[in-house]
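The values are calculated or read from the model by the stated rules, or taken from the named source; none is laboratory data. Note that this is a predicted model, so its numbers are computed, not measured. When we count neighbours, we look across all protein chains shown, and the Cβ atoms used for this are built from the backbone with ideal geometry, even at glycine.
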There are 2 protein chains.
Amino acid sequence: MEGALQRQSEERDSGIMTTQPSADEVSHLAVDIGGSLIKLVYSSIDPNDGLDDKGKKSSEEFSRVPNDNNDYPVLCGRLHFAKFETSKINDCLEFISSKQLHRRGRWHHEASGQDKDIIKATGGGAYRFADLFKEKLGVSLDKVDEMDCLVSGVNFLLNAVHPEAFTYIDGREEYVQIDHNDLYPYLLVNIGSGVSMIKVDGDGKFERVSGTSIGGGTFWGLGRLLTKCKSFDELLEMSHNGNNRVIDMLVGDIYGGMDYTKIGLTSTAIASSFGKAVSENKELGDYSPEDISRSLLRMISNNVGQISYLNALRFGLKRIFFGGFFIRGHAYTMDTISVAVHFWSKGEAKAMFLKHEGFLGALGAFMSYETHGLDGKITA
Amino acid sequence: MEGALQRQSEERDSGIMTTQPSADEVSHLAVDIGGSLIKLVYSSIDPNDGLDDKGKKSSEEFSRVPNDNNDYPVLCGRLHFAKFETSKINDCLEFISSKQLHRRGRWHHEASGQDKDIIKATGGGAYRFADLFKEKLGVSLDKVDEMDCLVSGVNFLLNAVHPEAFTYIDGREEYVQIDHNDLYPYLLVNIGSGVSMIKVDGDGKFERVSGTSIGGGTFWGLGRLLTKCKSFDELLEMSHNGNNRVIDMLVGDIYGGMDYTKIGLTSTAIASSFGKAVSENKELGDYSPEDISRSLLRMISNNVGQISYLNALRFGLKRIFFGGFFIRGHAYTMDTISVAVHFWSKGEAKAMFLKHEGFLGALGAFMSYETHGLDGKITA
């Protein structure tokens, strides 16, 4: 069962050490149950947590969390991250149960007289699956607002973890030193199944100002229908080798290979995403899944970048942080978003990315425990 | 051949009469060759133009141009509209040839000493297909800038034709009396294969401020791949009977049927377009083409509405006119765009539509003839 579980989940040490836990700062579990994915964050004081029988990480795929070198015992607490597809929530429940993650804070809660078995939970699934958690694990979900969690998760990362934020320009990640006195306001764009855009003015001070339904769920959903891919990661992987020009209608396709210089559009700019597919000469099966994936990824990343920029402009925000599981540290995604923000802002605004992008909400939920053990002394 | 041609084209009287043509104001032809469609505008002084052998319109499908009552002889000039798919440009050339449309202005041009056979042409295809027009019809395309044409076409319609502009709210078209002293500035959103957004400050005074590659070509292209539809109109027709909730992930799907009231999202709001398709239980063939078409139409219309609003906001524009062949007078499209503009602007901005939506560029090209015969005395 463990093997089956691990094929369907990704579990990974975060690279973030918590402070040395005291008896009052034992490990916790927090969950963020979104439309497509469940994200888990849990802390441990067991140096072997997150390692398999051979002392290696249980999944090598989740390469976004850096400093993946937990093949040594750690003396202080550690954060672990894991994810499951929401449609496979039973696997997630079995994972929690097998590791007894929901019991971790028990004696603390007993000591403080609180409800014995509660788990901090955010995302819509905290409502949708509350009964299931109660029935299968005997725990209550203590619901924490999704936007609150996203913001506190990002603020924690930006304030306490370095390096965390980076720009992605011309294929190069460049870490950004955050000046805490000049951090706010910023725009947080969380690309989950859908996309939320949040203007953040300080700790707990924020407003969700916009969003779009064209997000990670659109990429995965449309991508599945068009390519028969088996997973989000397979779809993303395919895009590496794709060429969007096969399906997208470029300015040059309309203008006979020429630029439309008067309005600043080069011949290679995309005039119409999937516009070449109107041709009657080709059916779905005639296009390669790789090319389809690439066009889809570019369409969505570019659109998110554009709407984000327009919202940043509206509120005079120079910094836009992009998070959410859609990004997955994928070079082409970050490149498209960066280029879109640069293009539309004429270089005025800057797209920034986060190392722990996929776990913002779960981290925020984790931090809503009164004694979460994460303070300023973080190494990543 | 005529029959075959007419199945592939749509030719329709515009309902716009030109002023009584003099010897110097003979009929003209102008073309707008876009990425997916070729639009033709031509004037005639022959009362039988546009009628087939039985005195009926050659196509009954193109119901967007109102006052379709040209089954009587007209004494003054008339504008005719026709469209072809760009991929079937040879049909278009044969249509022009069979009606000798390219010869219409000939003796005028001879008299004025201009190049004998020129056609005013706009859109990228004016560049791409210039050689083909020369080879097949022996005419030169006199290229007119696409944005110039869109703007002059709309300004002409808004100033000279009434009723032309209308709002679409709760399923009802309501014509808007345009106050010419309070028309500018406005945002023109032309939804062709791609989308252009133009801030218009007056006659010939404008700037293309934004756009998106998610437009009509995306609807048609993705729609073809997903539903195997044979035409844009079939795809649009299918959306009538579709239900987007089958494939879109709603807020309620994530939140267990609940609203996410804190941020003002109802349970029926779309959280993620096509987000339900991530489910492994269903393949493409398990979804109805109608539902797919509906989700696609809503995704694109909503996105265009949102980006348009953000640009209108940026420049303080209260009026947004939507044109382009994507709309096709389709109730659900106009409703989605109207709702999007209303939702994002909190009722501050208003979406307006145009009766001659699909022919803005072609009309503008037509008007670039020095003697186009369209002046203020227009009946529609």
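Pairs are defined by a Cβ separation below 6 Å, a sequence spacing of at least 6 or placement on different chains, a first member in region A:197-220 that is buried (at least 20 other Cβ atoms within 10 Å of the Cβ), and a second member that is assigned to a loop (DSSP other than H, G, I, E, B) and among the polar types (S, T, N, Q); the pairs so defined are A:Ser213/B:Ser273; A:Ile214/B:Ser273; A:Gly215/A:Ser193; A:Gly216/A:Ser193; A:Gly217/A:Ser36; A:Gly217/A:Ser193; A:Thr218/B:Ser273.
How many residues does region A:263-295 contain that are of a type in the set (Gly, Ala, Ser) and modelled with pLDDT of 95 or more?
Taking region A:263-295 as the starting set, the residues that turn out to be of a type in the set (Gly, Ala, Ser) are A:264, A:267, A:269, A:271-273, A:275, A:277, A:279, A:285, A:288, A:293, A:295.
Now narrow it down to the ones that are modelled with pLDDT of 95 or more: A:271-273, A:275, A:277, A:285, A:288, A:293, A:295.
Here the count works out to 9.
Just a yes or no: is a residue in region B:318-330 in a helix (DSSP H, G or I), crowded, with 21+ Cβ neighbours inside 10 Å and within 12 Å of chain A (Cβ to nearest Cβ)? Looking for residues that are in a helix (DSSP H, G or I), crowded, with 21+ Cβ neighbours inside 10 Å and within 12 Å of chain A (Cβ to nearest Cβ), one finds none in region B:318-330, hence no. Are any of the residues in region A:284-297 of a type outside the set (Phe, Trp, Tyr), within 12 Å of another protein chain (Cβ to nearest Cβ) and within 18 Å of B:Gly192 (Cβ to Cβ)? No, there is no match, as no residue in region A:284-297 is of a type outside the set (Phe, Trp, Tyr), within 12 Å of another protein chain (Cβ to nearest Cβ) and within 18 Å of B:Gly192 (Cβ to Cβ). Going by the conditions given, is A:Ser193 surrounded by 24 or more Cβ atoms within 10 Å (Cβ to Cβ), in contact with a helix residue (DSSP H, G or I) (Cβ under 6 Å, 6 or more places away or on another chain) and not acidic (Asp, Glu)? Considered against the rule, which asks whether it is surrounded by 24 or more Cβ atoms within 10 Å (Cβ to Cβ), in contact with a helix residue (DSSP H, G or I) (Cβ under 6 Å, 6 or more places away or on another chain) and not acidic (Asp, Glu), A:Ser193 comes out as yes. For region A:137-155, check the following and say yes or no: at least one residue is among the aliphatic types (A, V, I, L, M) and within 11 Å of another protein chain (Cβ to nearest Cβ). Taking every residue of region A:137-155 in turn, at least one turns out to be among the aliphatic types (A, V, I, L, M) and within 11 Å of another protein chain (Cβ to nearest Cβ). Looking only at residues in region B:234-258 that are within 9 Å of chain A (Cβ to nearest Cβ) and in a helix (DSSP H, G or I), the one that is surrounded by the most Cβ atoms within 10 Å (Cβ to Cβ) is B:Ile254. Taking the criterion of being under 16 Å from the mean Cα position of the chain (by Cα) and either in the same structural domain as B:Gly364 (by TED's automatic domain parsing) or of a type outside the set (Phe, Trp, Tyr) (or both), the residues of region B:157-166 that qualify are B:Leu157, B:Leu158, B:Glu164, B:Ala165.
Please enumerate the residues belonging to region B:174-233 that are among the hydrophobic types (A, V, I, L, M, F, W, C) and in a helix (DSSP H, G or I). It would help to see each step written out before you state the result.
Quick first cut of region B:174-233, residues among the hydrophobic types (A, V, I, L, M, F, W, C) only: B:176, B:178, B:183, B:187-189, B:191, B:195, B:197-198, B:200, B:206, B:209, B:214, B:219-220, B:222, B:225-226, B:229, B:232.
The answer is B:Phe219, B:Trp220, B:Leu222, B:Leu225, B:Leu226, B:Phe232.
Within region A:307-315, none of the residues are more than 24 Å from A:Met352 (Cα to Cα), of a type in the set (A, V, I, L, M, F, W, C) and surrounded by fewer than 24 Cβ atoms within 10 Å (Cβ to Cβ). Kindly evaluate A:Gly275 against the criterion of being more than 22 Å from B:Glu85 (Cβ to Cβ) and facing chain B (nearest Cβ under 8 Å). No: the conditions fail for A:Gly275. When A:Thr122 is tested against (1) surrounded by fewer than 24 Cβ atoms within 10 Å (Cβ to Cβ); (2) within 14 Å of chain B (Cβ to nearest Cβ), only condition (1) is not met.
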